[in-house]
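The values are calculated or read from the model by the stated rules, or taken from the named source; none is laboratory data. As the structure is a computational prediction, the values presented were derived from the model and not from experiment. Using ideal geometry, Cβ is built from the backbone for each residue, glycine included, and neighbour counts are taken over all protein chains shown.
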Amino acid sequence: MPYYNEDITYYPTLEDALNAENVDYLKKLVTLLPSTDKPTRKAEIVALIMRHLEGDGLKERWLKLDDTQKSAIAETVHAESSLFDAPRFAAKYGVLPDFGQKDVRGYDLIPSCLYLFFYKLILPEDLKARLKAFVSSPPPVIIETLDEIPTMLSSEIVVYDPTTKKTTTETEEVPVTVCEMEQAAQHDLHAVLRLINTGKLGISDKTLQPTAATVRTVSALLYGGDYFDSVSEAAKNEYDDEDARPIKAQAWPLIVQAAKLAEMTSKKLTLTKAGQKALVSPVFEILKSV
């Protein structure tokens with residue numbers, strides 16, 4: 001998976017991006033260019049790469065990319081942010097573009113041609129503007145729908161064999177649980193608002209998350225209970241990765257804040273004017289704004 005620095009939000013120019021890299025990495029980028037020159041000084045390497053991405057050179061390099069790599073360019077060029085959104089891309093296309101490979105130790109990156117465009121997953125602003133002139137907008141997100149809810153779903157899991165010291169991918173069938181939430185949502189919203197009105201729901205001033213006591217209090221009043229208990233059986237096993245905990249009880253205190261129905265005051269949730277009005281309003285009307 002490619003890497004990035006959370007402290008960097010954008011590069012105004014390609015030159016800025018290149019100068020932020022070290023010489024050893026820049027030399028790897030030079031091997032991706034149709035050039036026999038092998039400069040060793042950083043300034044000369046930066047100048048060489050920039051020359052190959054000037055004018056028609058940018059489109060020539062883009063044409064060398066495969067379809068998935070071109071889609072990565074298109075998604076970023078036509079997005080508000082210049083940072084490649086890997087999770088969103090994987091959700092839309094089902095794969096990640098080829099950014100290169102790492103050595104057997106998993107450290108030393110051997111970049112692909114896509115890294116002539118992205119630097120720490122960021123597309124420099126000047127390249128972005130030039131690419132937009134010939135890179136078409138990506139297709140819209142299409143959500144696949146089903147006429148009927150299946151009883152089982154297939155899920156791929158990675159299994160490690162300690163004997164062979166290899167991993168294999170297996171498919172398991174997972175049963176589907178259907179939760180009808182129309183009545184539950186109406187009940188739960190009013191229940192949470194009433195709890196807030198009594199001053200019983202606490203919020204951490206550091207994490208802004210509901211306290212453990214708040215989660216327990218909300219859980220006790222939920223319609224049909226929560227999806228999981230306070231701590232799942234899997235979570236009690238230190239060797240199990242799954243740590244299923246309350247979902248609805250954790251979410252409702254956050255939802256009412258996001259909907260401006262409640263706010264934090266002295267580590268407690270209190271109703272806003274909109275929240276006080278919601279207490280005496282038809283709940284289905286309130287849910288439209290939540």
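Odds and ends about this structure:
- Test: Thr68 is among the β-branched types (Val, Ile, Thr), under 24 Å from the mean Cα position of the chain (by Cα), under 20 Å from Leu18 (Cα atoms) and surrounded by 12 or more Cβ atoms within 10 Å (Cβ to Cβ): no
- Near pairs, Cβ below 6 angstrom, 6+ apart or cross-chain, from region 47-64 (over 19 Å from Leu18 (Cα atoms)) to any residue that is of a type outside the set (Lys, Arg) and not in a loop (DSSP other than H, G, I, E, B): Lys64/Cys113
- Scanning region 261-275 for residues that are over 17 Å from Thr214 (Cα atoms), without any contact (Cβ under 8 Å) to a residue 60 or more places away in the chain and not β-branched (Val, Ile, Thr) yields Lys273, Ala274.
- Among (1) free of Cβ contacts under 8 Å to residues at least 12 places away in the same chain; (2) surrounded by 14 or more Cβ atoms within 10 Å (Cβ to Cβ), the one test that His78 misses: (1)
- Residues of region 203-223 that turn out to be assigned to a loop (DSSP other than H, G, I, E, B) and under 17 Å from Gln257 (Cβ atoms), as a count: 7
- The residues on offer are Gln186, Gln209, and the sole one that is in the same structural domain as Pro253 (by TED's automatic domain parsing), more than 28 Å from the chain's Cα centre (by Cα) and of a type outside the set (Val, Ile, Thr) is Gln186.
- Checking Tyr223 against (1) among the aromatic types (Phe, Trp, Tyr); (2) surrounded by 13 or more Cβ atoms within 10 Å (Cβ to Cβ); (3) modelled with pLDDT under 90, the condition it does not meet: (3)
- Among the residues making up region 243-273, those that are surrounded by fewer than 19 Cβ atoms within 10 Å (Cβ to Cβ), in contact with a Ser or Thr (Cβ under 9 Å, 6 or more places away or on another chain) and charged (D, E, K, R) are Asp243, Arg245, Lys260, Glu263, Lys267.
- Condition check for Thr40: more than 18 Å from Leu109 (Cβ to Cβ) and not aromatic (Phe, Trp, Tyr): yes
- Of all residues in region 40-52, at least one satisfies being part of a loop (DSSP other than H, G, I, E, B) and either over 22 Å from Lys128 (Cα atoms) or not assigned by TED's automatic domain parsing to the domain that holds Pro124 (or both).
- Within region 38-56, the set of residues being buried (at least 16 other Cβ atoms within 10 Å of the Cβ) and at pLDDT 95 or above comprises Ile45, Val46, Leu48, Ile49, His52, Leu53.
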